[in-house]
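Take a look at the structure below.
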Amino acid sequence: MRTRFTLNGEPRELETHPMRRLLDVLREDCGLTGTKEGCGEGECGACTVLVDGEPVVSCLVPVAQAEGCELLTIEGLGGDHPLQRSMMTEVGAQCGICTPGVVLAAKALVDAPRKPTLARVREALAGNLCRCTGYEAIHRAVLAAHAERHAK
Amino acid sequence: MRTSSRDFTLRRARTLDGALAVLRDDPGTVPLAGCTDVYVALQFGQRPGSRYLDLTPLKALRRITERDGNLVIGALATYTDLQRSRLVRSRLPMLVEASRLVGGMQIQNRGTVGGNLANGSPAGDTLPVFAAAEAQVVLQSTQGERRVPFTSFYTGYRASVRRPDELITAVEVPAVDARQWFRKVGTRAAQAISKVVFAGVRASTPRLALGSVGPTVVRLSRTERVLGSGGSLETAIDELKLEISPIDDLRSTADYRREVAANLVREFWARTA
């Protein structure tokens, strides 16, 4: 089946089986390996991407459902989003497997003008498991990125 | 995923009538939407079916409206839609609470009400809410439409009265004119399948429902009768423990579930007093 979507701002069109996981199409067909596979069953959030601005786990999305959608993967952030920088300065990443998913899941909180509470940050990242950091550094990174993004 | 997608076919529904015709002509077709159950099953090497019908293009089924005094929730409404809906927030806050606790936000953005009903897990987070709210399930086929009271929808473990040619198109919830309370007990605050899940409405005869304590979600009709006729809370709890049939499984033990169920009814009673 022919599937069309916008990937990190660029229109893409590809011919593939409609039930392939969006995760596999991104990594294998589009060569974007920043999206990681953790559990493959929707529990860990490592494969989080944004579909029309909303975080989803790409291991549970048939590529057919991406038809006509705007997709954003970690590559689309270009490395200079405030959250990408603060994840480094606050040491919110260790092994790095969960990091692309964490950044995309928290991006909306960082970009919104309203300052998130710690409780809100924890809730937004409840679907992203990290086995290294214990989460505290990740939460600090999100709050620091918000402060930087909205500094007067 | 472990199962090769080449073994499967997926059609995308373009109209509701078209989808119903597919189910009539090939009742073995498995409808899918958010895929938060179907794709997990495929990952585990199970095959819920080999021919699938993607309902997500049917945008009209995602609406949440009010009709004839009922809250009408389209089957494709996601858990995120439920949390954002003013109608759901004002009329059925216990459903908002249940939706907040379904997985993480990535799952809430995809999983649907119709999918939670169709999957029919005894641990389904929204199911006790619909049981306590006396909802009706709207089923459509090429033969027409019928409504089934939610409390008669399930016939056993993951089994329901839905015929293979029928599609769940909506859930209708009448006005709830008493205090509502929802609580899910799991291993952590989010992203956990429940050990016990409870919803209750403090009407003159209270309505209580529990998930994960039997093969299907259950209304506690005997416990309700004790409470409604002025019996003491502890008499009601004794009745509750006879009324439910929890099991030992990988998530919990029957004894633990029985005790937690009793505590949930006590907490409901105190908080809605």
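The values are calculated or read from the model by the stated rules, or taken from the named source; none is laboratory data. Every value quoted in this text rests on a predicted model; they were computed, and no experiment measured them. Neighbour counts are summed over all protein chains in view; Cβ atoms, including those assigned to glycine, are modelled from backbone coordinates with ideal geometry.
Taking B:D125, is it part of a loop (DSSP other than H, G, I, E, B) and either modelled with pLDDT of 95 or more or over 25 Å from B:E224 (Cβ atoms) (or both)? No. Taking the criterion of being out of contact with any helix residue (DSSP H, G or I) (no Cβ under 9 Å at 6 or more places or on another chain), free of Cβ contacts under 8 Å to residues at least 60 places away in the same chain and assigned by TED's automatic domain parsing to the domain that holds B:E166, would at least one residue in the range B:87-107 satisfy it? Yes, some residue in the range B:87-107 is out of contact with any helix residue (DSSP H, G or I) (no Cβ under 9 Å at 6 or more places or on another chain), free of Cβ contacts under 8 Å to residues at least 60 places away in the same chain and assigned by TED's automatic domain parsing to the domain that holds B:E166.
With respect to the stated conditions, A:A145 is away from chain B (no Cβ under 14 Å), in contact (Cβ under 8 Å) with a residue 60 or more places away in the chain and either in contact with a Pro (Cβ under 9 Å, 6 or more places away or on another chain) or acidic (D, E) (or both). Of the candidates B:E239, B:E234, the single residue that is out of contact with any Leu (no Cβ under 9 Å at 6 or more places or on another chain), surrounded by fewer than 21 Cβ atoms within 10 Å (Cβ to Cβ) and of a type in the set (D, E) is B:E234. Across the range B:1-25, which residue is farthest from B:N109 (Cα to Cα) among those that are among the basic types (K, R), within 11 Å of chain A (Cβ to nearest Cβ) and loosely packed, with under 12 Cβ neighbours inside 10 Å? Filtering the range B:1-25 for residues that are among the basic types (K, R), within 11 Å of chain A (Cβ to nearest Cβ) and loosely packed, with under 12 Cβ neighbours inside 10 Å, the one farthest from B:N109 (Cα to Cα) comes out as B:R6.
Considering the range B:184-230, the residues that are modelled with pLDDT of 95 or more and closer than 29 Å to A:V121 by Cβ include one that is surrounded by the fewest Cβ atoms within 10 Å (Cβ to Cβ), namely B:F198.
Please pick out the residue among B:G186, B:G124 that is more than 14 Å from every other protein chain (Cβ to nearest Cβ) and small (G, A, S). Result: B:G124 is the single residue among B:G186, B:G124 that is more than 14 Å from every other protein chain (Cβ to nearest Cβ) and small (G, A, S).
Criterion applied to A:T35, A:T133 was being assigned to a loop (DSSP other than H, G, I, E, B), touching a residue at least 12 places away in the same chain (Cβ under 8 Å), β-branched (V, I, T) and within 14 Å of chain B (Cβ to nearest Cβ), and the one residue passing it is A:T35.
Does A:V63 satisfy being more than 8 Å from every other protein chain (Cβ to nearest Cβ) and of a type in the set (V, I, T)? So A:V63 fits the description; yes. Of the residues making up the range A:101-117, those that are assigned to a helix (DSSP H, G or I) and either within 14 Å of another protein chain (Cβ to nearest Cβ) or touching a Pro at 6+ places or on another chain (Cβ under 7 Å) (or both) number 10. Of the strands (runs of 3 or more DSSP E) entirely within the range B:29-85, those holding at least 3 residues that are within 12 Å of chain A (Cβ to nearest Cβ) occupy B:51-54. Among residues of the range B:26-42 that are not assigned by TED's automatic domain parsing to the domain that holds B:A75 and surrounded by 24 or more Cβ atoms within 10 Å (Cβ to Cβ), those with a beta-carbon under 6 Å from a residue that is of a type in the set (V, I, T) and not in a loop (DSSP other than H, G, I, E, B) at least six positions away or on a different chain give the pairs B:L32/B:V38; B:A33/B:T112; B:G34/B:T112; B:T36/B:I107.
Those residues that are facing chain B (nearest Cβ under 10 Å) and either in a loop (DSSP other than H, G, I, E, B) or without any contact (Cβ under 8 Å) to a residue 40 or more places away in the chain (or both), I need them from the range A:38-52; list them, please. A:C39, A:G40, A:E41, A:G42, A:E43, A:C44, A:G45, A:C47, A:V51, A:D52 - these are the residues of the range A:38-52 that are facing chain B (nearest Cβ under 10 Å) and either in a loop (DSSP other than H, G, I, E, B) or without any contact (Cβ under 8 Å) to a residue 40 or more places away in the chain (or both). Modelled with pLDDT of 95 or more and on the phi < 0 side of the Ramachandran plot: which single residue out of A:V103, A:V91 fits that description? That would be A:V103, the only listed residue that is modelled with pLDDT of 95 or more and on the phi < 0 side of the Ramachandran plot. When the range A:13-32 is filtered for residues that are in a loop (DSSP other than H, G, I, E, B) and either assigned by TED's automatic domain parsing to the domain that holds A:T99 or under 22 Å from A:C130 (Cβ atoms) (or both), only A:L32 remains.
If you check A:D24, A:D52, A:D80 for being surrounded by fewer than 23 Cβ atoms within 10 Å (Cβ to Cβ), at positive phi and charged (D, E, K, R), only one passes: A:D52.
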